[in-house]
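Here the structure comes first, spelled out in structure tokens, and everything after it is commentary.
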Amino acid sequence: MYSIKLCNEGKFSLLIVGAFFGNLAISPIMSFAGRRPSVILATLFVLTSWLGVALIPSYFGILAARVIGGLGCGALDVAVVTFLAELSPTRKRGMATGMAGAGSMWGK
């Protein structure tokens, strides 16, 4: 029959799956708690993920840590751009949010 072989590509695709759900989950949190607490919460998810990747010895633990990191990365993609849009002056708002979005894509 068919077998699923988890390899290095699986780790990266799990990050993207987590990012998808992080994008969806952060909007209600931002509306309820605010932008800054949402950015801090998402950053804690990313920090927890990297600690997990560094310290967990099992392969599936690393995969779980990558999903947690994806949740944080996806949430940061939305929260940081929204936070910048609210803080930036009107004339520079487009440049600030555009650079944040482009930096997010180039950095991954």
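The values are calculated or read from the model by the stated rules, or taken from the named source; none is laboratory data. Note that the structure is predicted; figures quoted are calculated from it, not measured. No Cβ is skipped: glycine too gets one built from the backbone with ideal geometry, and neighbour counts run over all protein chains shown.
A few points about this structure:
- Conditions (1) surrounded by 17 or more Cβ atoms within 10 Å (Cβ to Cβ); (2) of a type in the set (S, T, N, Q); (3) at pLDDT 90 or above: number failed by Thr43: (1)
- Looking only at residues of the stretch 65-96 that are buried (at least 17 other Cβ atoms within 10 Å of the Cβ) and small (Gly, Ala, Ser), we find that the one that is nearest to Gly18 (Cα to Cα) is Gly70.
- Of all residues in the stretch 18-41, those that are more than 19 Å from Ala64 (Cβ to Cβ) and touching a residue at least 40 places away in the same chain (Cβ under 8 Å) have Cβ atoms under 7 Å from Cβ atoms of residues that are surrounded by fewer than 15 Cβ atoms within 10 Å (Cβ to Cβ) and not basic (Lys, Arg), 6 or more apart or on another chain, in Arg35/Glu86.
- When Thr90 is tested against (1) closer than 19 Å to Ile26 by Cβ; (2) without any contact (Cβ under 8 Å) to a residue 12 or more places away in the chain, just one condition goes unmet, and that condition is (1).
- When restricted to residues that are assigned to a helix (DSSP H, G or I) and within 23 Å of Val46 (Cα to Cα), the stretch 87-108 contains 11.
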